[in-house]
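Bear in mind these aren't lab numbers, they're just calculated from the coordinates by the rules spelled out. Note that the structure is a prediction, hence the values are computed from the model and not measured. So basically every Cβ, Gly included, is an ideal-geometry build from the backbone, and we count neighbours across all protein chains shown.
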Amino acid sequence: MKISTEAFGLGASLITLTNAKGVSISFTNFGARVVNWVVDGKNIVWGFDSCQEYLEKDTYPGATIGRTAGRIKDGIVDINGQKIQLNQNEFPQTLHGGEDSFETKMWAYEVIDNGDMAEVKFYLTSEDGANGYPGKLDIVVSHSFDDNSCWAIDYEAVSTKDTVFNPTGHVYFNLTGDVSKPIDQHRLKLAASRMVALKDKTEIVRGDILDIKDTGLDFRQEKPMQDAFVSGHEQVELVGGIDHPFLLDDVDLDKEQARLTLGDLSVSVRTDRPSLVIFTANFGDLGTVYRGKALANHGGMTFEAQVSPGSEQISELGDITLKAGEIYRATTMYQLNK
Ligand code: G6D
C-alpha cells in the first residue's frame with residue numbers, strides 16, 4: 001500500500017492510501033472522515049478540499065457521526081429509567097449527536113501499514129456530559145483499505161457511565177464522480193423488506209414499521225433509484241426522496257446487504273448493524289459546490305449503518321444503551337467491484 005500524508009487546513013491531515021490496483025482512498029482526522037475514493041480518475045464520494053470548506057459548507061459528508069446517529073425526538077433518552085436531555089441542535093430534536101459533535105472534532109490518529117492492507121486509526125475522547133450524554137467515552141474508529149479495494153470501518157468504544165451510543169459513517173456516493181448528476185440511474189439492490197415510517201417533515205419516526213414488499217421502496221430485486229422517486233409512495237412524497245431507515249432482513253456481516261451499481265462499477269455494503277439509513281440528498285436546489293460542481297437534487301446517497309433512529313419510540317428497533325465499562329464494537333464494509 002502506498003501511503004501519503006498532506007496538510008488539510010486547520011492543522012488537520014489528509015491521509016491517502018493507494019492500493020496495488022491504483023485505487024486510492026483518503027481520510028482526514030477532522031471528523032475521522034472519508035474525503036476521496038478515486039477509481040479510474042473518478043471520485044465516487046462527496047468531499048471538499050480543506051477543513052475550512054467543510055466548516056463553511058457542510059460538516060457531515062463522509063464524517064464519523066456520534067454519539068447517536070439520526071434524530072432523537074425532543075432530544076430525550078431514557079437511561080436506567082432516568083430521562084436525559086441532550087443538546088437540541090435541530091430544535092426540538094437532537095440530530096447526529098447534537099451541535100459540534102464527532103464530525104467537527106480533530107481526532108488523534110496513527111497509520112498502520114500491513115502490506116496489502118493499511119489502516120488509519122482515529123482516536124477521540126468525548127467528555128462526560130458532552131452535549132448532555134453521560135459518561136466519558138473513549139472511541140476508536142479504524143478505517144482500513146486493502147488491495148481488493150475493500151474499505152472497512154471498525155468502531156470500538158467504552159464509557160465510564162451507562163450511556164447511549166449509536167455511531168455511523170456518513171459517506172455519500174455518486175458513482176458518476178460528478179455531484180451535479182443525480183443518482184437516479186444508479187441501480188440499487190437492498191436486502192430489506194421493512195422500513196421505518198417517518199411522521200412528517202420533522203423526520204422523526206411515526207411509530208410504525210412498514211412492510212415495503214412490492215412497493216416502490218422494495219429493492220430486493222435490483223432496480224434504478226428513479227423507480228422509487230417516481231413511485232408516488234407516501235413516504236417518498238413526504239421527504240422528496242428517501243431519508244429512511246431500512247431494516248435488514250438477515251443481519252449478518254458475511255452477507256451483502258446492499259449493492260449500488262452504475263455501469264461496470266459497483267459498491268457492495270456489508271454490516272453487522274440492523275439497519276441502513278439511506279438518504280438520497282434531497283437538498284432541492286441548494287447547489288452546494290463540491291470540487292467545482294454544484295450539487296444536484298439527489299446528487300448522492302448514503303448507506304448509514306446503525307440501529308435505526310427512533311428506538312426510543314419503537315423498542316423493536318433495538319437498544320442503543322451502552323453500559324459502563326462494556327466494549328461497543330461494530331463493523332461496516334464497502335467493497336468496490338469493477
Ligand atoms: C442524515 O437523515 C439525515 C438527513 O435528514 C440529514 O439531512 C443528513 O443526515 C445531514 O442522513
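Taking the Cα centre of the range 77-201 as reference, the dipole from Cβ charges on Lys and Arg (+1) and Asp and Glu (-1) amounts to some 700 debye. What the phi angles of the range 180-189 give under the Karplus curve with 6.51, -1.76 and 1.60, with θ = phi - 60°, is a coupling list of 7, 9, x, 8, 3, 8, 5, 9, 10, 10 Hz, glycine and proline written as x. Going from the fewest other Cβ atoms within 10 Å to the most, the residues 301, 106 appear in the order 106, 301.
Couplings for the range 293-304, taken from phi via the Karplus curve 6.51 cos²θ - 1.76 cosθ + 1.60 with θ = phi - 60°, read 10, 7, 4, 7, 4, 6, x, x, 8, 10, 10, 8 Hz in order; Gly and Pro are left as x.
Summarising the label geometry, the points placed 7 Å from Cα in the beta-carbon direction at residue 285 and residue 231 lie 2.8 nm from one another.
Suppose we keep just the DSSP beta bridges with both residues in the range 126-251; what percent of those would be antiparallel, to 5?
Here the antiparallel bridges make up roughly 100 percent for the range 126-251.
Taking a virtual spin label 7 Å from the Cα of residue 127 along the C-beta vector, which residues in the range 138-171 bring their backbone nitrogen under 20 Å of it? Label zone hits: 138-140, 158-164. Placing R0 at 51 angstrom, the Cβ-Cβ distance between residue 21 and residue 74 gives a FRET efficiency of 0.60 after rounding to 0.05. Judged by the mean number of other Cβ atoms found within 10 Å, the most tightly packed of the peptides 109-121, 165-177 leads the ranking 165-177, 109-121.
Placing unit charges on the Cβ atoms of the charged side chains and taking the dipole of the range 285-338 about its Cα centre, the candidate lying farthest along the positive direction among 334, 292, 302 is 292. Here is the size of the chain from its Cα atoms: Rg then Dmax, 18.7, 53 Å.
Distance check, please: which entries in 73/199; 105/136; 21/223; 213/338; 57/121 exceed 19 angstrom between their Cα atoms? Among 73/199; 105/136; 21/223; 213/338; 57/121, the Cα-Cα distance tops 19 Å for 21/223; 213/338; 57/121.
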